[in-house]
Structure formats: structure tokens, C-alpha cells
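Data block below; observations after.
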Amino acid sequence: MGMSWKVMMQVVATLERRMLYKSMTSYSNHRNWHDVYHVSFRNREIYIKVTYCTSGGSPVISFKEKNT
């Protein structure tokens, strides 16, 4: 998407509950949860998925442009 690490972190910092699209479990492990957000940023619709680790480690965050 051509975003720097700093810009991606700024987008993550703006996430709000109202932007949450859905929560779901992982197909491979029902104990791992994903939260999916739809965010408008700089005239783009972004799909952000946050995966929480059952081990308590840092979440994994993925970005992609949302298909409209």
C-alpha cells in the first residue's frame, strides 16, 4: 500500500470501537481471535486485521486495501 511503518502505526492508533467490522476465530485454532476493522484514511478504505495470540505475545496486524 506504500505506507511507512510510522503511518501504519498512526492508523492503528486511530482505531475505535465503531470501526470494528467483526470478530472471529482462526480457522486453524479456535482459541486465536481476529478483529477486523474498516478504516478510511487519506481517501482509501483500509481493511485491518488484528490477530491476538493465545500465548500473550504481541498481536499481529495486517493491512490491505479494502475491496469495495
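Scanning segment 30-52 for residues that are of a type in the set (F, W, Y) and closer than 14 Å to F63 by Cβ yields Y37, F41, Y47.
Quick one: which strands (runs of 3 or more DSSP E) lie wholly within the chain and hold at least 1 residues that are at pLDDT 90 or above and among the polar types (S, T, N, Q)?
The strands (runs of 3 or more DSSP E) meeting that bar are 20-25, 33-41.
The listed residues are E16, E65, and the only one of them that is charged (D, E, K, R), loosely packed, with under 13 Cβ neighbours inside 10 Å and free of Cβ contacts under 8 Å to residues at least 60 places away in the same chain turns out to be E16. In segment 19-46, of all residues being under 16 Å from K66 (Cβ atoms) and among the polar types (S, T, N, Q), the one that is surrounded by the most Cβ atoms within 10 Å (Cβ to Cβ) corresponds to S40.
The values are calculated or read from the model by the stated rules, or taken from the named source; none is laboratory data. Predicted model, so just to flag it, every value in this text is computed and none were measured. With ideal geometry, Cβ positions are generated from the backbone for all residues, glycine too; neighbour counts draw on all protein chains shown.
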